[in-house]
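Heads up: the structure comes next, in structure tokens.
The values are calculated or read from the model by the stated rules, or taken from the named source; none is laboratory data. Quick caveat, the model's predicted, so the values are computed rather than measured. Don't worry about glycine lacking a Cβ; one is built from the backbone with ideal geometry, like all the others, and counts go over all protein chains shown. Note: accessible area is taken over every heavy atom of the protein model, side chains too, but ligands, DNA and RNA are not part of it. Shrake-Rupley method; radii C 1.70, N 1.55, O 1.52, S 1.80 Å.
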Amino acid sequence: MQEMTLATLIAVFQEMFGPVLFWALVATVVVITALYVYVLVRDRSLSMRRFLLAQLSMPIGAVAAVAFVEVVTDSHLRDIGGAIDIIVLLGVALLGAFGFAVLVYTAQSLVRGQPQNAR
């Protein structure tokens, strides 16, 4: 691989997860992101209580993301072979933590409605 392009990354992820699962994950990310933007526009502010609960849920998202990748790719923690493996694993955990925090904040906002001070 001479250059890292978006097409190359898409091809690698499709090979790792399979095309159906990969595009389902992409669609899920797009829907959750759109709902998050909708909640931010609707509420016109962040609720600090919801934000704190979302941040507290981040370790759950990190562990879930790493476990998901291990199951889907048939790899295990014992297969870590070098620094790049650790960097990739930390990247997966970071993205899982961030994504889960966005999901938790969005779900709280959609279920509970607008905060009282935003009305």
field: Scope the stretch 1-31; condition among the charged types (D, E, K, R) and exposed (fewer than 10 other Cβ atoms within 10 Å of the Cβ); matching residues
entry: GLU3
message: Scan the stretch 42-58 and tell me whether some residue there is within 23 Å of PRO19 (Cα to Cα), open to solvent by less than 60 Å² (accessible area, probe 1.4 Å) and part of a helix (DSSP H, G or I).
response: no
message: Which residue is nearest to TYR36 (Cα to Cα), if the candidates are limited to the stretch 59-108 and must be open to solvent by 70 Å² or more (accessible area, probe 1.4 Å) and among the acidic types (Asp, Glu)?
response: ASP74
